[in-house]
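Heads up: the structure comes next, in structure tokens.
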Amino acid sequence: MRRRLKRIGVLTSGGDAPGMNAAIRSVVRKAVYEGLYVTGILRGYAGLIDGDTRPLDERSVADIIHRGGTILETARSDRFRTPEGQDEAYARLEEAGIDGLVVIGGEGSLRGALALAERGVAVAGVPGSIDNDIPETEYSIGFDTAVDTALDAIERLRDTALSHSRVFLVEVMGRDTGFIALAAGLAGGAEAILVPEIGFDLEELCRGILASYKKGKRHSVIVVAEGAASAVELGAKVRERTGLDTRVTVLGHVQRGGRPTGFDRTLASQMGAAAVDLLLAGDPGNMTAWRSGRVSAVPLPEVVTRSKEIDLKLYELARVLAI
């Protein structure tokens, strides 16, 4: 039985990710196609509590599929983290006549979606995070673009590293997980990849760099997830211990912006439409997930109570190929 909905809301929360606009577009146009009204909620849960909304239709989401960021904007809300703030958010949804809500964001955003679901709101989550650390889905929206951005930087830096016989340390995002570092480092042929999940020995790292130079290699690129070490501090130690010309590049928030890749646009489009289908089918309280080449649904409690680990086989492969 398809649920009798009249109006759904959509919001983006937490850190922005390339492809969020494609997801918004998909949610809106799928909903309109199904005869629903759509309310866009600005600034995530903060905007929901404040009642900061605007109507969306098929024309209001035209020409956004290729844009990074999010047209609905995003913010973090300390008020929403409290039971009182969540009650306020629920009240605003009731006042606005919103029968279902699509939440696009990372793990914290999905925890917020579950809090609303436990209060009786029909919610569907869509995973959007460049870190790709959301459990139960192989990919989250924005990860592919972030890796592509980091890879482009690595390749450019390798050119100058080779020209000047330098060691380059490239710091990428990943405070708690090393998904970006591992994917970009493997694809970019990095000589070493440092991730938060696996400790490293500074002396061993330096010995490896020097050994590669003795074998004729005249440059090295080390990819460092921000949660594994400060590339700036580590670069100084590498320079001191090896005597090699060592430079550091911190990519920072440049990884969040830019045009989403074709994969992220396609992923976001499928997930956004699937979220609307979940609400229409009367099956709320789920997150859309990418598994084995297709979109499926995972209960939100399973998402927020589990963790996602990097593929140690990929990490070992990167180490082997760096010889």
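Side notes on the structure shown:
- Residue within the stretch 219-239 that is in contact with a Phe, Trp or Tyr (Cβ under 6 Å, 6 or more places away or on another chain) and surrounded by 22 or more Cβ atoms within 10 Å (Cβ to Cβ) present: yes
- Taking the stretch 211-240 as the range and being assigned to a helix (DSSP H, G or I), over 10 Å from V167 (Cβ atoms) and modelled with pLDDT of 95 or more as the test, the residues that pass are A231, V232, E233, L234, A236, K237, E240.
- Of all the listed residues (I193, I134), the sole one being among the hydrophobic types (A, V, I, L, M, F, W, C) and either part of a strand (DSSP E or B) or surrounded by fewer than 22 Cβ atoms within 10 Å (Cβ to Cβ) (or both) is I193.
- Of note, T39 does not satisfy the criterion of being within 21 Å of T288 (Cβ to Cβ), at pLDDT below 95 and hydroxyl-bearing (S, T, Y).
- The residues of the stretch 66-89 that are buried (at least 19 other Cβ atoms within 10 Å of the Cβ) and either under 23 Å from L280 (Cβ atoms) or hydrophobic (A, V, I, L, M, F, W, C) (or both), listed by number, are L72, F80, A89.
- Of the residues L110, L116, L93, the single one that is farther than 20 Å from P301 by Cβ, of a type in the set (A, V, I, L, M) and buried (at least 20 other Cβ atoms within 10 Å of the Cβ) is L93.
- Residues of the stretch 279-323 satisfying the condition of being among the hydroxyl-bearing types (S, T, Y) and either crowded, with 20+ Cβ neighbours inside 10 Å or touching a Pro at 6+ places or on another chain (Cβ under 8 Å) (or both): T288, S307
A quick yes/no check of all residues on (1) acidic (D, E); (2) at pLDDT below 95; (3) buried (at least 21 other Cβ atoms within 10 Å of the Cβ):
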| residue | (1), (2), (3) |
| --- | --- |
| D144 | yes, no, yes |
| A150 | no, no, yes |
| R156 | no, yes, no |
| R166 | no, yes, no |
| E171 | yes, no, yes |
| A183 | no, no, yes |
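- Residue under evaluation A115, criteria (1) farther than 26 Å from G35 by Cβ; (2) in a helix (DSSP H, G or I); (3) touching a strand residue (DSSP E or B) at 6+ places or on another chain (Cβ under 8 Å); (4) in the same structural domain as I41 (by TED's automatic domain parsing), criterion not met: (3)
- Residue in the stretch 192-207 that is under 23 Å from the mean Cα position of the chain (by Cα) and over 17 Å from I310 (Cα atoms) present: no
- Some residue of the stretch 274-291 being within 19 Å of G19 (Cα to Cα), among the small types (G, A, S) and in contact with an Asp or Glu (Cβ under 7 Å, 6 or more places away or on another chain): yes
- G100 vs. criteria in contact (Cβ under 8 Å) with a residue 60 or more places away in the chain, on the phi < 0 side of the Ramachandran plot and crowded, with 24+ Cβ neighbours inside 10 Å: yes
- Residue match in the stretch 265-278 (condition: crowded, with 20+ Cβ neighbours inside 10 Å, in contact (Cβ under 8 Å) with a residue 24 or more places away in the chain, more than 30 Å from G128 (Cα to Cα) and not hydrophobic (A, V, I, L, M, F, W, C)): no
- Figure legend. Inter-residue proximity from the stretch 178-200: first residues within 21 Å of Y139 (Cβ to Cβ), second residues of a type in the set (D, E, K, R) and in a helix (DSSP H, G or I), beta-carbon distance below 7 Å, spacing 6+ or different chains. Indicated pairs: G188/E155.
The values are calculated or read from the model by the stated rules, or taken from the named source; none is laboratory data. Everything quoted here is computed from the prediction, not taken from an experiment. Ideal geometry is used to build each Cβ from the backbone, glycine not excepted, and the neighbour counts take in all protein chains shown.
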